[in-house]
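Q: Mind having a look at this structure? Questions to follow.
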Amino acid sequence: MKSKNGILFFYLLMFALLLSPLAAALADEVPPLGSKPLSLILKMVEEQKLGSITDAEFDDGLWELKVCAAAVCQKLYIDPKSGAEVRRLKTDSDEIPPANALALSTIILSVEARNQGIITEVDFDDGFWKVDLHKDGQKIRLVIDPKTGETGR
């Protein structure tokens with residue numbers, strides 16, 4: 001009987017060890033409880049007037065915001081709970097929203113108010129904001145007009 005329990009314990013331990021990196025990865029997919037709303041973090045960065053925010057992604061426990069001024073872009077790594085900048089790196093240029101676009105913080109505040117899920121990524125691509133949300137294990141993508149803030153396309 002002891003050998004069967006030992007074998008069962010061994011397999012359960014191996015299964016748990018195999019799942020632990022997956023669990024850690026999934027835990028980093030969404031901001032932790034007690035995080036500042038993304039709209040507030042975006043507003044704080046916009047107030048620094050560093051350029052246009054072209055994307056935001058929650059990865060490895062931090063918000064990664066890409067900010068471009070002319071052809072110079074940088075990634076800001078922001079702590080989700082405090083809103084403090086952790087580090088900054090230069091990066092490749094990116095497509096930027098039009099000059100008459102709504103502030104990204106305004107668009108994201110509108111998305112947050114809809115309570116459709118937890119925002120995990122925002123990207124400006126092909127002339128539209130693409131916002132990824134997670135809710136109940138599902139991924140939802142919204143496509144938003146940068147000038148009107150309306151969802152569609």
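Q: Let me confirm something: among 121, 29, 57, 112, which residue is touching a residue at least 60 places away in the same chain (Cβ under 8 Å), assigned to a loop (DSSP other than H, G, I, E, B) and under 28 Å from residue 150 (Cβ atoms)?
A: None of the others qualify; the one that does is 29.
Q: So which residues in segment 80-117 are modelled with pLDDT under 95, in contact with a strand residue (DSSP E or B) (Cβ under 8 Å, 6 or more places away or on another chain) and of a type in the set (A, V, I, L, M, F, W, C)?
A: 96
Q: Taking the stated definitions as given, is residue 35 surrounded by 10 or more Cβ atoms within 10 Å (Cβ to Cβ), closer than 14 Å to residue 122 by Cα, among the small types (Gly, Ala, Ser) and at pLDDT 95 or above?
A: no
Q: Do we have residue 45 as aliphatic (A, V, I, L, M) and at pLDDT below 95 here?
A: For residue 45, the condition - aliphatic (A, V, I, L, M) and at pLDDT below 95 - is not met.
Q: Kindly indicate whether residue 96 is within 22 Å of residue 148 (Cα to Cα), of a type in the set (A, V, I, L, M) and open to solvent by 70 Å² or more (accessible area, probe 1.4 Å).
A: yes
Q: Here is a follow-up. Of all residues being of a type in the set (Gly, Ala, Ser) and free of Cβ contacts under 8 Å to residues at least 40 places away in the same chain in segment 83-93, which is least open to solvent (accessible area, probe 1.4 Å)? Just the residue, please.
A: Taking segment 83-93 first, the residues of a type in the set (Gly, Ala, Ser) are 83-84, 93.
Narrowing further to those that are free of Cβ contacts under 8 Å to residues at least 40 places away in the same chain: 84, 93.
Numbers: 84: 48, 93: 73 Å².
Per the criteria, the residue is 84.
Q: For segment 103-120, which positions are open to solvent by 60 Å² or more (accessible area, probe 1.4 Å) and under 22 Å from residue 48 (Cα atoms)?
A: Those that are open to solvent by 60 Å² or more (accessible area, probe 1.4 Å) and under 22 Å from residue 48 (Cα atoms): 106, 109.
Q: Further question: Would you be able to say whether some residue in segment 51-61 is of a type in the set (A, V, I, L, M), at negative phi and surrounded by 19 or more Cβ atoms within 10 Å (Cβ to Cβ)?
A: There is at least one residue in segment 51-61 that is of a type in the set (A, V, I, L, M), at negative phi and surrounded by 19 or more Cβ atoms within 10 Å (Cβ to Cβ).
The values are calculated or read from the model by the stated rules, or taken from the named source; none is laboratory data. None of these values were measured; they are calculated from a predicted model. Positions of Cβ are backbone-derived with ideal geometry, glycine not excepted, and every protein chain shown enters the neighbour counts. These area figures cover heavy atoms from the full protein model, side chains too; ligands, DNA and RNA do not enter into them. Shrake-Rupley method; radii C 1.70, N 1.55, O 1.52, S 1.80 Å.
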